[in-house]
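K.L.:
To start, I am sharing the structure in question, which I have written as structure tokens.
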Amino acid sequence: MEVTMDPLFLAWSYFRRRKFQQCADICTKLLQDGPYDQAAWSLKTRAFTEMVYIDETEVDQEGIAELMLDESSIAQVARPGTSLRLPGTSQGGGPTQAVRPMTQSGRPITGFVRPSTQSGRPGTMEQAIKTPRTASTARPVTGATGRFIRLGTASMLTNPDGPFINLSRLNLAKYSQKPHLSRTLFEYIFHHENDIKNALDLAAQATEHAQFKDWWWKVQLGKCYYRLGLYREAEKQFRSALNHQEVVDTYLYLAKVYQRLDQPITALNLFKQGLDHFPGEVTLLTGIARIHEEMNNITSATEYYKDVLKQDNTHVEAIACIGSNHFYTDQPEIALRFYRRLLQMGVYNCQLYNNLGLCCFYAQQYDMTLSSFERALALVASDEEQADVWYNIGHVAVGIGDLTLAYQCFKLALAFNNDHAEAYNNLAVLELRKGRVEQSKAFLQTAASLAPHMYEPHFNLSILSDKIGDLQSSYTAAQKSEDAFPEHVDTQQLLKLLREHFAAL
Amino acid sequence: MPEVKSIFREVLPKQGQLSMEDVPTMILCKPKLLPLKSVTLEKLEKMQMEAQEAVKQQELAMKEQSL
């Protein structure tokens, strides 16, 4: 007779090797034989949770409803340097828009993108609704209709026998009494089912059962409140959890609450407090750097990213951010070293090769430029990425004076992403060189409507209108350019000139 | 080599005014470094893709059944 391994042991082994589907399959069989097998049940919930687990400290998604109908803000117009919502208020000596491109929310582009930085805060309702139509990252209407809920429903759809645990028939009170089952069940409900209300119920009953002495349940309660948008309640839970036990994660969650409440200074203080207890903790240092970066204080952000690298010299985010900062402060050769370091560490994707290509070109290492871009093109994952790579190749072509190639590159960028405003603008400049005024004007108008946050199309349109004698349009375009970039000298000169013209009339 | 004599001599106009006109020119948008993606973001996107695929497959299967 063949000796078989104990199925539960095998399931555990699969779980440890992160083969969650096999683990869940074995558990399903075990549960068919004995529906009351708690070990198998618990393991199956854990396997399902791990399949869709994402780091909750990293996840943050603001919907339009949360943005525009914000009840937690204290003042309509915050004082400079105290809010994340006024991007232009604190210039920390970083490069201006003339050198460093802006994202749609009016922040300089960063070297690293996280779920929470994907889409900044637009200023008006109109912009908020418009943004998803033009960017590759769509903003959900509210946080509740975002990515989480889609993932939750999808995980149910794929199971033909319906969900593994029927939450509506679950006796939460019973489970909350059993500490060995309640935690895995909670994580399952929170991560896999995304049913925050039930998760909150379970957590509330469990923390009561633990006589309000268990920090873990308090953190979970805080997480639920945060997801439900009850930030002050979440803050209370996290604070209380910190009184029981100092944990790095709790600091991160609490800082997330303060960032959502638009209190960056409080968040910074909290991080520093956390650093007193956990000196040199990388996640806390990164948190500080991110806040500085979001407040447009690139110089001090870079300082903190350097601190991060002193602790952990393989930190991808820190290397990427410092690299991009060097690139935009006119030191492409140093940026190149940072990106090369990332390559040595095994990062291998389209974005990295694109950045390497750009750095090589501007650091005058022409032999590597085109081969890097070729690799980037070979590694693209989406049309938007492809468009961006072609756009950058277009810049190389402009740099070597091959305007035909540049023209083709920008056209290709538009073929892959029809909303690429920068490509429209550059194409317009090339068209004007060929003497096609109408075509150029059309491209500029398209660019301006696609990306009202950029000053270049407005400024170019202003110059173009000025040249063909349409002073009124020139003036309105120049004003828009000034709105987008108040410090731009050429715009101001143009405006001054136009005002003189109008005064003379 | 500071002592090499150049055959070209600098010419500075002695008469009249030297003027330079600053003509505003069209500007290009700047080259764009692409931000790297965090592990969490990559996993989110991967899961979303997989979920979409799974839903598509199921819908296809449903259509075939109804036909």
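Each value in this text was obtained by applying a stated rule to the coordinates, not by laboratory testing. Just so you know, these numbers come straight off a predicted model, no measurement behind them.
K.L.:
Which three extents, in angstrom, do the Cα atoms of segment A:355-505 have along their principal axes, listed largest first?
P.N.:
58, 29, 27
K.L.:
Take every Cα pair under 8 Å in segment A:297-350 that's 6+ residues apart, average their separations, divide by the length, and report that relative contact order as a whole percent.
P.N.:
After rounding, I find 27 percent.
K.L.:
Which aspartates and glutamates does A:Lys272 reach when only Cα atoms under 16 Å apart count, and residues fewer than 8 places away in its own chain are ignored?
P.N.:
Within the straight-line limit of under 16 Å, A:Lys272 reaches these aspartates and glutamates: A:Glu246, A:Asp249, A:Glu281, A:Glu303, A:Asp307.
K.L.:
Straight-line reach from B:Lys56: which lysines fall under 17 Å, measuring Cα to Cα and dropping same-chain residues less than 8 apart?
P.N.:
B:Lys46
K.L.:
Whole angstrom only: what separates the Cα centroid of segment A:343-389 from the Cα centroid of segment A:195-261?
P.N.:
Centre-to-centre (Cα) distance: 43 Å.
K.L.:
Quick one: Karplus J couplings for segment A:491-505, per residue in order, coefficients 6.51, -1.76, 1.60, θ = phi - 60°, nearest Hz, x for Gly and Pro?
P.N.:
Values, residue by residue: 4, 5, 4, 4, 4, 4, 4, 5, 5, 4, 4, 5, 5, 6, 5 Hz.
K.L.:
With respect to the cross-link table entries A:Lys223/A:Lys256; A:Lys44/A:Lys256; A:Lys223/B:Lys43; A:Lys411/B:Lys32, which display a Cα-Cα separation exceeding 22 Å?
P.N.:
A:Lys44/A:Lys256
K.L.:
If I take all pairs of Cα atoms in segment A:220-338, what percentage of them are more than 21 Å from each other?
P.N.:
Across segment A:220-338, Cα pairs with separations above 21 Å total 43 percent.
K.L.:
Same structure, new question: If you take the C-alpha gyration tensor of segment A:180-252, multiply each eigenvalue by 5 and take the square root, what semi-axes do you get, largest first, in whole Å?
P.N.:
For segment A:180-252, the ellipsoid semi-axes come out as 18, 14, 11 Å.
K.L.:
Chain B: Rg/Rh from Cα coordinates, Kirkwood Rh?
P.N.:
Here Rg/Rh amounts to 1.62.
K.L.:
Working from the pairwise distances between different alpha carbons, so that the mean of 1/r is found and then inverted, what is segment A:294-392's Kirkwood radius in Å?
P.N.:
13.9 Å
K.L.:
Step through the residues of segment A:280-292 one at a time and calculate ³J(HN,Hα) from phi using the Karplus curve (6.51 cos²θ - 1.76 cosθ + 1.60, θ = phi - 60°), rounding each to whole Hz and writing x for Gly and Pro.
P.N.:
Here the 3J(HN,Hα) series is x, 5, 5, 5, 5, 4, 4, x, 4, 4, 5, 5, 4 Hz.
K.L.:
Just round it to a whole percent: the fraction of Cα-Cα distances in segment A:419-505 exceeding 14 Å.
P.N.:
59 percent
K.L.:
Another question, if that's okay. Amide H of B:Cys29: which non-local residues (sequence gap of 5 or more, or other chain) have their own amide H closer than 5 Å, using H built in the peptide plane?
P.N.:
It is A:Asn426, by chain and number.
K.L.:
Enumerate the amide H contacts of B:Leu36 below 5 Å, restricted to partners 5 or more residues apart or on another chain; note that Pro and chain-start residues carry no placed amide H.
P.N.:
Residues meeting the amide H criterion: A:Phe112, A:Val113.
K.L.:
I'd like the Karplus ³J(HN,Hα) series for segment A:365-376: coefficients 6.51, -1.76, 1.60, θ = phi - 60°, whole numbers in Hz, and an x wherever there's a Gly or Pro.
P.N.:
So the Karplus estimates, Gly and Pro as x, are 9, 5, 5, 8, 4, 5, 5, 4, 5, 4, 4, 4 Hz.
K.L.:
Would you mind getting the Kirkwood hydrodynamic radius of segment A:1-52 from its Cα pairs, rounded to one decimal in Å?
P.N.:
About 10.9 Å for segment A:1-52.
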